[in-house]
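In what follows, a structure is listed as structure tokens, so that the remarks can point back to it.
The values are calculated or read from the model by the stated rules, or taken from the named source; none is laboratory data. Keep in mind it's a predicted model, so treat the numbers as computed, not measured. Every residue, glycine among them, receives a Cβ derived from its backbone with ideal geometry; neighbour counts consider all protein chains shown.
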Amino acid sequence: MKRLFIIILLDQIQYLTTRVQELEHYLGQNNQNSSNPPFSKPPRVYDNQAEKVDSSRT
């Protein structure tokens, strides 16, 4: 049972390591080296409920 658990954990570590590398590569891109167009969607506007939650945290 322990061996199976270790194998599963090692597989998860491998997957997450690869995913982090992909995300780091993606974050390193800018408009000079990316083939994707600039982000054209406007920033997210939060509804009143979210603003109430955020203001209560301060």
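If you go through region 3-29 and pick out every residue that is loosely packed, with under 10 Cβ neighbours inside 10 Å and assigned to a loop (DSSP other than H, G, I, E, B), you end up with 1.
Each row is one residue, and each column tells you yes or no for (1) modelled with pLDDT of 95 or more; (2) over 18 Å from the mean Cα position of the chain (by Cα).
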{"position": "ILE8", "(1), (2)": "yes, yes"}
{"position": "TYR15", "(1), (2)": "yes, no"}
{"position": "GLN21", "(1), (2)": "no, no"}
{"position": "GLN49", "(1), (2)": "no, yes"}
